[in-house]
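Colleague: Pasting in a structure now, in structure tokens, and then I'll have a few things to ask.
The values are calculated or read from the model by the stated rules, or taken from the named source; none is laboratory data. Note that the structure is a prediction, hence the values are computed from the model and not measured. Cβ placement follows ideal geometry from the backbone for every residue including glycine, while neighbour counts extend to all protein chains displayed.
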């Protein structure tokens, strides 16, 4: 039975990822383990590219690397013809080391350092998404010293409520991101960019938030941006060449997510979005800009599964069953950060009892270290394997070493072959960058001890 593309539950083999039994992956690579089906990732990339090019030929799909980025993932995006959005110097470094074409890289972020901007300009990346006037001034000075003219987009905040968790909402006027489309702030930012001899303003970017299941907020953002494009042309004569409408399409982590009427697919989402851009541009008599969309979560979330080993099972006095696994909030902080919900399934088929509610917890010294508050699971024992589904987005990116737990390995499966993309952290890695106290401090300590 297919539960997600290339993720199946078999009566005999149990959970199968990309044609490989999850039990075999856990035995070979250990747990906790992040596993990705490359077939599922590539299939979703192609779905986006094909759907967008069909309805809006002058366009590009930009993979939002913050969802999940390794050198292997960057190479997959390049192979499928996508652009790549990076949100920090670290993500940019990974992309460049992977050989991703610099001209197809965007650098985002609300607070880019001078070092990050210099790295981007020196590498010749295609677009820097400018967040604010201070950053614009800093970038202009860096580009001048490098004797470069840097292509930029200005990030605008359109004042759209996407009806998602407040931590995932980035398009409202109060957001920390971008130049608010309030008063004449956004017009002033455009004129500042136009005055900068080392900046080439291509157009504008907006992103209203993520995990959004309604198309209407995306449509409202597109309409607002096109209205500004028209007003800018009328007021200044400036023609917008590119428009990046961001990403944010939601994915179903559990059966309760999404709309009862049906969730938008990548194809319907881009068709509606592109259709609104074309309609509004025609109404306002402005040239069609090159259109960008930036999916991230909706490309990788369902393609990923996290495998754990059950270490203990206990029943509390109130009757609650607590299943403790060998990972937790260090490899998936999302439930603690903003109440993200997941579905868990046993890796191996069968079960020793009917399904019953259980709390799946990690091994960290926090009561809040709960991966799933109420999972429907069969009776489990220590040593059983448990899989958390739709866990391909933001977990590897957000991992930490809290309690000095070791970061999981990352494994990809392609053509029914599994291979390591990121090695499992080892204990020696925890102290690899630590240094002993300087010699003079040891001498001072000895003198202080002898004084007593």
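Colleague: Looking at segment 370-385, which of its residues are within 24 Å of the chain's Cα centre (by Cα) and either over 15 Å from residue 339 (Cα atoms) or surrounded by fewer than 21 Cβ atoms within 10 Å (Cβ to Cβ) (or both)? Before you say what the answer is, go through the steps one by one.
Modeller: Within segment 370-385, the first condition is being within 24 Å of the chain's Cα centre (by Cα), and the residues that meet it are 370-373.
Listed by number, the residues that qualify are 370, 373.
Colleague: Tell me, yes or no, whether segment 246-254 has at least one residue that is in a strand (DSSP E or B), crowded, with 18+ Cβ neighbours inside 10 Å and either assigned by TED's automatic domain parsing to the domain that holds residue 399 or at pLDDT 95 or above (or both).
Modeller: Looking for residues that are in a strand (DSSP E or B), crowded, with 18+ Cβ neighbours inside 10 Å and either assigned by TED's automatic domain parsing to the domain that holds residue 399 or at pLDDT 95 or above (or both), one finds none in segment 246-254, hence no.
Colleague: Have a look at 266, 295 and point out the one that is touching a helix residue (DSSP H, G or I) at 6+ places or on another chain (Cβ under 7 Å), surrounded by fewer than 24 Cβ atoms within 10 Å (Cβ to Cβ) and under 25 Å from residue 77 (Cα atoms).
Modeller: Testing whether each residue is touching a helix residue (DSSP H, G or I) at 6+ places or on another chain (Cβ under 7 Å), surrounded by fewer than 24 Cβ atoms within 10 Å (Cβ to Cβ) and under 25 Å from residue 77 (Cα atoms) leaves just 266.
Colleague: Could you count how many residues in segment 175-230 are in a loop (DSSP other than H, G, I, E, B), closer than 29 Å to residue 301 by Cα and in contact with a helix residue (DSSP H, G or I) (Cβ under 8 Å, 6 or more places away or on another chain)?
Modeller: Final tally of qualifying residues: 5.
Colleague: Hey, another quick one. Please find, among 106, 92, the residue that is touching a helix residue (DSSP H, G or I) at 6+ places or on another chain (Cβ under 7 Å) and at pLDDT 95 or above.
Modeller: 92
Colleague: For the subset of segment 256-269 comprising residues that are in contact (Cβ under 8 Å) with a residue 60 or more places away in the chain and more than 17 Å from residue 51 (Cα to Cα), which member is nearest to the chain's Cα centre (by Cα)?
Modeller: Filtering first and then ranking leaves 257.
Colleague: Across segment 279-331, what is the total count of residues that are touching a residue at least 60 places away in the same chain (Cβ under 8 Å) and farther than 27 Å from residue 33 by Cβ?
Modeller: 8
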